[in-house]
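Chemist: What follows is a structure written as structure tokens; I'll ask about it next.
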Amino acid sequence: MPLARARCQNCSEPLGDPPHVPVPCRCGACGSDAPALFAADGQPAAFETMFEPAALVRWFGAARHAMASGRLGVALGACAKCHAPLVVSSREAVRLPCPHCQTPLQGEAATVLVDQWPEPWCRVEGGGLALEYRLATVDDTTGVTAGCAACGLATPANEPGTHCRRCNAVTWVLRGTGRRAQLGVRVDGTRAGHPFKALVPICHGEQMLQRDAVTSASAESGRSLMGITGVGCAIGTALVIVPIVIGIVYAMAKC
Ligand SMILES: [Zn+2]
Ligand SMILES: [Zn+2]
Ligand SMILES: [Zn+2]
């Protein structure tokens, strides 16, 4: 998210104001026509980016397919019907008129729209975990790489090839002026009380999130089971002790 509100170069009014512009898009998963509404600053008008872990695992899976096939595109949001990512080609011509003076911002989707692939995130807590998961776009010029999205093989920085040496999946896609980009999964937080920060291949990120979600869910259900057992024990103890006390009182009265 930009810190300052982007303003129109012509009229200086905020570009994020309504009315918003529909960017045409067909859902690749269920085929429904799903135009996504964007403000002229390139941000989606309404995309709820806090996901449940299971939904984020599915989002990661779609990103792995898109990355490995070399058709990453620009994600606009999630399909209202099936929650799959809505994606347009990064070359798609987009035109967003200023909401105040109609002067259009136009160009290729990758330069005009804020890519939503890395926006959805989730939090996993419990069982010694406090972690946040999301996709990260890695730029080849930084020297940091995530690895092959499909098989997890390391992808050394500045490697000339754009395909995985092991599984032949696409490992780098061209973005803008010859820059190479890759998607990975970023994990931030604490694990067993220790700081944990990692950038991993998407396939590994999916497995890690799935495992961590199970750990956190079983820690959660363990806690509530303890609660139920605690109450059960109290009732059970009362059922045993009360008759004994009554018995003793009765016996003492008879003496
Ligand atoms: Zn759909
Ligand atoms: Zn304007
Ligand atoms: Zn591979």
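Chemist: Within region 23-80, which residues are in contact with a helix residue (DSSP H, G or I) (Cβ under 7 Å, 6 or more places away or on another chain), surrounded by 17 or more Cβ atoms within 10 Å (Cβ to Cβ) and either among the polar types (S, T, N, Q) or in contact (Cβ under 8 Å) with a residue 40 or more places away in the chain (or both)?
Modeler: Residues satisfying the conditions are Gly42, Phe51, Pro53, Leu56, Val57, Phe60, Ala63, Arg64, Met67, Leu72, Val74.
Chemist: From Arg166, Arg180, Arg191, Arg134, which residue is under 18 Å from Ala110 (Cα atoms) and among the charged types (D, E, K, R)?
Modeler: Every option except Arg180 fails the conditions.
Listed here are the residues, each with its yes/no results for (1) more than 20 Å from Thr141 (Cβ to Cβ); (2) among the β-branched types (Val, Ile, Thr); (3) at pLDDT 95 or above.
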site: Arg175; (1), (2), (3): no, no, no
site: Arg180; (1), (2), (3): no, no, no
site: Val185; (1), (2), (3): yes, yes, yes
site: Thr190; (1), (2), (3): yes, yes, yes
site: Gly193; (1), (2), (3): yes, no, no
site: Pro201; (1), (2), (3): no, no, yes
site: Met208; (1), (2), (3): yes, no, yes
site: Val214; (1), (2), (3): yes, yes, yes
site: Ala219; (1), (2), (3): yes, no, no
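Chemist: In region 4-52, how many are within 16 Å of ligand 2 (Cβ to nearest atom) and part of a strand (DSSP E or B)?
Modeler: 4
Chemist: Moving to a separate point now. Which count do you get for residues in region 137-163 that are of a type in the set (A, V, I, L, M), open to solvent by 40 Å² or more (accessible area, probe 1.4 Å) and within 15 Å of Leu72 (Cβ to Cβ)?
Modeler: So the count comes out to 1.
Chemist: Looking only at region 83-114, filter to residues that are closer than 30 Å to Gly189 by Cβ and open to solvent by 30 Å² or more (accessible area, probe 1.4 Å); which one of those is farthest from ligand 2 (Cβ to nearest atom)?
Modeler: Looking at residues that are closer than 30 Å to Gly189 by Cβ and open to solvent by 30 Å² or more (accessible area, probe 1.4 Å), I get His83.
Chemist: Taking the conditions exactly as written (of a type in the set (Asp, Glu), touching a residue at least 60 places away in the same chain (Cβ under 8 Å) and in contact with a His (Cβ under 7 Å, 6 or more places away or on another chain)), does Glu13 satisfy them or not? Break it down stepwise before answering.
Modeler: Numbers: of a type in the set (Asp, Glu): yes; touching a residue at least 60 places away in the same chain (Cβ under 8 Å): yes; in contact with a His (Cβ under 7 Å, 6 or more places away or on another chain): yes.
Yes: the conditions hold for Glu13.
Chemist: For the condition surrounded by fewer than 20 Cβ atoms within 10 Å (Cβ to Cβ), out of contact with any Asp or Glu (no Cβ under 6 Å at 6 or more places or on another chain) and among the charged types (D, E, K, R), what is the one hit in Arg134, Arg166? Give the steps one after another, and end with the answer.
Modeler: Numbers: Arg134 fails: surrounded by fewer than 20 Cβ atoms within 10 Å (Cβ to Cβ).
The conditions single out Arg166.
Chemist: To continue, here is another question. I'd like to verify a number: residues in region 172-211 that are buried (at least 19 other Cβ atoms within 10 Å of the Cβ) and on the phi > 0 side of the Ramachandran plot, how many?
Modeler: 0
Chemist: Moving to a separate point now. Quick check: anything in region 101-111 hydroxyl-bearing (Ser, Thr, Tyr), over 15 Å from the mean Cα position of the chain (by Cα) and in a helix (DSSP H, G or I)?
Modeler: Checked against the condition, which is being hydroxyl-bearing (Ser, Thr, Tyr), over 15 Å from the mean Cα position of the chain (by Cα) and in a helix (DSSP H, G or I), region 101-111 yields at least one hit.
The values are calculated or read from the model by the stated rules, or taken from the named source; none is laboratory data. Being a predicted model, the structure only gives us computed values, none of them experimental. Cβ sites come from the backbone with ideal geometry, for glycine too, and all protein chains shown count toward neighbours. Remember, those area values only see protein heavy atoms, side chains included, never the ligands or the DNA or RNA. Shrake-Rupley method; radii C 1.70, N 1.55, O 1.52, S 1.80 Å.
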